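Take a look at the structure set out below.
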């Protein structure tokens, strides 16, 4: 009886093993990197007002509110009339996830770089300083979720995001 019990346990343990090899030689849902040339990903510009889709942190300065649009930039909102706040512009900062305001400067990340933006003459803004690789932990080498993905090729540019799609014979997994 004990032998039969051990044999059943052994069989069950073999069937409970996960076999990832079957996915490597086939098609699986995974992530593909979205690339941008370095000059495009470093460009900071003021653009017209746009809708907020991925709201982040907010800061105030005088009669202005600055709202981070995660991975895209910063909305400038004039709230001099507290009952009727108005968006006045959008500062496009690719890869921006963090923002802080002190005196008349915005401090934000542009992927791995720290950028300092003078806001004393709003709505006009001016980049006054850039510290390259100030945030080395901002790693775009891996997708936002674990699983299969297309390996990053640095010769194609900087990874600016990830999109989900069907992959055939993926080589990378996390």
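The values are calculated or read from the model by the stated rules, or taken from the named source; none is laboratory data. Since this is a predicted model, take the numbers as computed values, not measurements. Cβ sites come from the backbone with ideal geometry, for glycine too, and all protein chains shown count toward neighbours.
Here is a yes/no grid of residues against (1) part of a loop (DSSP other than H, G, I, E, B); (2) crowded, with 16+ Cβ neighbours inside 10 Å:
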residue: 117; (1), (2): no, yes
residue: 151; (1), (2): yes, no
residue: 162; (1), (2): no, yes
residue: 166; (1), (2): no, no
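Being in contact with a strand residue (DSSP E or B) (Cβ under 9 Å, 6 or more places away or on another chain), in a loop (DSSP other than H, G, I, E, B), under 21 Å from residue 57 (Cα atoms) and modelled with pLDDT under 95 is a property that residue 143 lacks.
Condition test on residue 120, is it in the same structural domain as residue 169 (by TED's automatic domain parsing) and touching a strand residue (DSSP E or B) at 6+ places or on another chain (Cβ under 9 Å)? Here the answer is no, as residue 120 does not meet what is asked. Return a yes/no flag: does region 122-133 have any residue that is exposed (fewer than 14 other Cβ atoms within 10 Å of the Cβ), free of Cβ contacts under 8 Å to residues at least 12 places away in the same chain, in a loop (DSSP other than H, G, I, E, B) and out of contact with any helix residue (DSSP H, G or I) (no Cβ under 8 Å at 6 or more places or on another chain). Looking through region 122-133, none of the residues is exposed (fewer than 14 other Cβ atoms within 10 Å of the Cβ), free of Cβ contacts under 8 Å to residues at least 12 places away in the same chain, in a loop (DSSP other than H, G, I, E, B) and out of contact with any helix residue (DSSP H, G or I) (no Cβ under 8 Å at 6 or more places or on another chain).
From the residues in region 77-89 that are surrounded by fewer than 16 Cβ atoms within 10 Å (Cβ to Cβ) and not in a loop (DSSP other than H, G, I, E, B), which one is farthest from the chain's Cα centre (by Cα)? It comes out as 86. For region 90-114, the set of residues classified as touching a residue at least 12 places away in the same chain (Cβ under 8 Å) and either surrounded by fewer than 21 Cβ atoms within 10 Å (Cβ to Cβ) or more than 30 Å from residue 162 (Cα to Cα) (or both) consists of 92, 94, 97, 98, 100, 101, 104, 105, 109, 112, 113, 114, listed by residue number.
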